[in-house]
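Structure first, commentary second.
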Amino acid sequence: MSEKTPESVTYQGGCHCGSVRFQVVVDKHQATDCNCSICQKKGFLHLIVSRDKFTLLQGEDKIATYKFNTQVAQHKFCSVCGIHSFYIPRSHPDCIDVNLRCLDGDVMSQFTIVPFDGRNWEASVHQLQE
């Protein structure tokens, strides 16, 4: 399907081993592809949503957190399989940033992917929108 989905849609997703599962309500089918050092290595495609649109269904006890640099972003990952399904981003600390690649099924075609220059984060952060 080449047409993008305009309405709110509820998706489920999780880590590779299934220990961590979540649900997210998406109003805007747009994700960001950041080229910063950590996102590039993880292959993270950013889907930033307000916290009320995100529900952790299982695995709270399996989630570990990695922080670096400013210590603001909380990079969450499954302590069993190591997959980074979501995190609390530095740019939007009151939101949840879901890895589009961790949603169930073949849903990427429903989203527009927008590049973001995370290597120059300070100069580019104003381009990010919730």
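For K41, the lysines whose Cα falls under 23 Å of its own Cα, not counting residues fewer than eight places away in the same chain, are K62, K67, K76. Among the chymotrypsin sites (Phe, Trp or Tyr not before Pro) in the range 15-98, those placed in a DSSP loop whose Cβ has at most 14 other Cβ atoms within 10 Å are F68. Each residue of the range 7-18 is assigned a 3J(HN,Hα), and the resulting list reads 8, 5, 9, 9, 10, 10, x, x, 7, 5, 7, x Hz, derived from the Karplus form 6.51 cos²θ - 1.76 cosθ + 1.60 (θ = phi - 60°), x at Gly and Pro.
When Lys and Arg each count +1 and Asp and Glu each count -1, what net charge do the other residues less than 12 Å away from L45, Cβ to Cβ, add up to? Net charge around L45: 0. From the Cα gyration tensor of the range 9-119, with a ≥ b ≥ c the square roots of its eigenvalues, which class applies: rounded if a/c is under 1.5, or else prolate if a/b is larger than b/c, or else oblate? In terms of gyration-tensor shape, rounded.
A short reminder: the numbers here are calculations on the coordinates, not readings from a lab. Everything numeric in this text was worked out from a predicted model, so none of it was measured. Cβ: placed from backbone, ideal geometry, glycine included. Neighbour counts: every protein chain shown.
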